[in-house]
1. Test each condition in (1) farther than 18 Å from Arg104 by Cα; (2) at pLDDT 90 or above for Gly130 and report the one that comes out false.
2. Of Ile64, Ile121, which residue is in the same structural domain as Phe53 (by TED's automatic domain parsing) and at pLDDT 85 or above?
3. Any idea how many residues of segment 131-161 are without any contact (Cβ under 8 Å) to a residue 40 or more places away in the chain, within 20 Å of Leu181 (Cα to Cα) and not in a helix (DSSP H, G or I)?
4. Within segment 2-38, restricting attention to residues that are of a type in the set (Lys, Arg) and more than 30 Å from the chain's Cα centre (by Cα), which residue is farthest from Ser49 (Cα to Cα)?
5. Residue pairs, Cβ under 7 Å, 6 or more apart or interchain, first in segment 165-192 and in the same structural domain as Pro154 (by TED's automatic domain parsing), second charged (D, E, K, R). List them.
6. Picking from Ala137, Ala126, which residue would you name as being in contact with a helix residue (DSSP H, G or I) (Cβ under 9 Å, 6 or more places away or on another chain), among the aliphatic types (A, V, I, L, M), in the same structural domain as Leu167 (by TED's automatic domain parsing) and crowded, with 21+ Cβ neighbours inside 10 Å?
7. What are the residue pairs meeting all of these: first residue in segment 101-116, first residue assigned by TED's automatic domain parsing to the domain that holds Ala147, second residue of a type in the set (Phe, Trp, Tyr), Cβ atoms under 7 Å, and 6 or more apart or on different chains?
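The values are calculated or read from the model by the stated rules, or taken from the named source; none is laboratory data. This is a predicted model, so every value here is computed, not measured. Here the Cβ is made from the backbone with ideal geometry for all residues, glycine too, and neighbour counts use every protein chain on show.
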Amino acid sequence: MAEKRWEFELEGVRHTVELEHNIFSNKQSVRVDGRLLPADAIPQTMEGSRHAFCVDGHPCEVVIAPRGRKFDYDFLVGGVSSVPEKYMAEMAEAQSSEHVNSYRWAAVILFLAIGIGGNLINWYLAHAQGYYIELLAFLAPALALLAVYFIFSPKDFVAQYAGKFSLRTWVVIILALLLGLANNYAFSHGLY
């Protein structure tokens with residue numbers, strides 16, 4: 001039997017939601033501030049179940065999602081997860097995953113190859129042929145910077161893989177785009 005309890009505050013009032021889930025019989029019960037939700041209000045499918053209810057006029061939902069032989073439990077208030085441990089569990093699992101780590105290294109190698117190779121190709125074209133490829137001049141240094149970022153910040157790559165972009169990641173992406181624009185400007189004005 002899995003039991004989960006969430007405590008949250010709405011408009012200065014503390015509330016609790018308790019879930020009991022028998023993983024063998026799939027019997028589920030949800031209590032909101034000690035009151036049991038009616039059993040017919042709990043639709044169940046093979047993809048899991050969603051228990052929707054309102055607390056002080058705010059839409060809430062308990063979500064049970066099967067994941068292999070286990071279940072993930074989440075609690076949403078107004079469509080937003082209020083369960084930080086869910087994010088932490090996803091991060092811990094992704095960080096320990098060889099699959100995610102191999103994706104990180106594949107991205108690093110690909111981005112470095114395009115970044116360094118693209119700039120060398122453009123440099124050669126600009127000096128030997130008298131023209132350059134604008135898209136390559138823009139993308140090459142941006143991708144190279146992102147590759148270096150992924151080398152030195154593996155946890156940020158994992159967070160992105162889990163769908164959680166940090167402020168630092170957005171700053172690096174903006175810097176990469178600015179570097180691409182600067183490189184394109186340098187090529188277009190013959191500074192190389």
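1. It is condition (2) that Gly130 fails.
2. Numbers: Ile121 fails: in the same structural domain as Phe53 (by TED's automatic domain parsing).
Sole residue among the options that is in the same structural domain as Phe53 (by TED's automatic domain parsing) and at pLDDT 85 or above: Ile64.
3. The number of residues fulfilling the criteria is 2.
4. By that ranking, first place goes to Arg35.
5. Between residues of segment 165-192 that are in the same structural domain as Pro154 (by TED's automatic domain parsing) and residues that are charged (D, E, K, R), the close pairs are Ser166/Asp156; Arg168/Asp156; Thr169/Asp156; Asn184/Glu134.
6. Of the residues listed, the single one that is in contact with a helix residue (DSSP H, G or I) (Cβ under 9 Å, 6 or more places away or on another chain), among the aliphatic types (A, V, I, L, M), in the same structural domain as Leu167 (by TED's automatic domain parsing) and crowded, with 21+ Cβ neighbours inside 10 Å is Ala137.
7. Close Cβ pairs (under 7 Å, with a partner that is of a type in the set (Phe, Trp, Tyr)) amount to Tyr103/Tyr161; Arg104/Phe150; Arg104/Phe157; Ala107/Phe150; Val108/Phe150.
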